[in-house]
Amino acid sequence: MDQFLFFLVAFLAVASAVYFVFARNPLYAILSLIVTMFSIAGMYILLNAQFLAIIQIIVYAGAIMVLFLYILMMLNLNKEDESKKNNTLKFVGVFTAGLLLIGVLGVFRGVKENHIVVDNVDKGVGLTKNLGRLLFSEYVLPFELASILILAGIVGAVLIGKKDL
């Protein structure tokens with residue numbers, strides 16, 4: 001049942017991502033991208049990674065997609081401009097995705113089936129407690145370096161945004 005639900009959510013994610021690529025109306029494209037982000041969060045939940053699912057919803061589906069919608073509403077794109085765009089890049093993207101799919105299927109063809117015993121699976125794999133313990137013990141240096149990099153980006157954005165400093 002879990003596998004069927006996972007494939008159902010994965011199909012929804014892929015279908016809404018394909019709709020995002022081929023949508024003529026930019027508003028519908030962004031809304032389908034939000035559906036894609038929620039579907040990915042659903043896959044995280046099914047994979048027992050609750051923390052990643054919540055971060056996916058808060059950061060991507062919540063903040064970034066709302067920002068995209070806000071920008072889209074501010075730009076006020078007309079339908080006349082949309083018809084002038086050609087579909088060459090969309091077809092190149094679909095062709096590249098098809099090549100990637102063929103490569104992934106080739107990799108899976110060579111992999112033999114592994115049988116995993118369900119009784120030995122750790123149920124606390126995706127929990128916040130374990131992730132925090134791992135981040136602040138083994139990966140503390142990359143975590144702090146990433147925070148310094150984010151701080152440098154914020155300072156750079158403020159300096160670019162302000163003309164009179």
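Some notes on this structure:
- Relative contact order (%) - criterion: Cα under 8 Å, at least six apart; region: the range 1-77: 28 percent
- Portion, in percent, of the accessible area of the range 1-77 that falls on carbon or sulfur, probe 1.4 Å: 80 percent
- Efficiency of FRET between VAL59 and ARG109 - r from beta-carbon atoms, R0 35 angstrom, step 0.05: 0.50
- Cα pair distances in the range 1-77, grouped into 5 Å bins until the bin that holds the longest one, percent each: 3, 17, 22, 22, 17, 10, 5, 2, 1
- Length released on extending from LEU145 to VAL158, taking residue separation times 0.36 nm less the Cα-Cα span: 2.7 nm
- Gained length - LEU69 relative to LEU99, 0.36 nm times residue gap less alpha-carbon distance: 7.7 nm
The values are calculated or read from the model by the stated rules, or taken from the named source; none is laboratory data. Being a predicted model, the structure only gives us computed values, none of them experimental. Here the Cβ is made from the backbone with ideal geometry for all residues, glycine too, and neighbour counts use every protein chain on show. Surface areas here come from the heavy atoms of the whole protein model, side chains and all, with no ligands, DNA or RNA. Shrake-Rupley method; radii C 1.70, N 1.55, O 1.52, S 1.80 Å.
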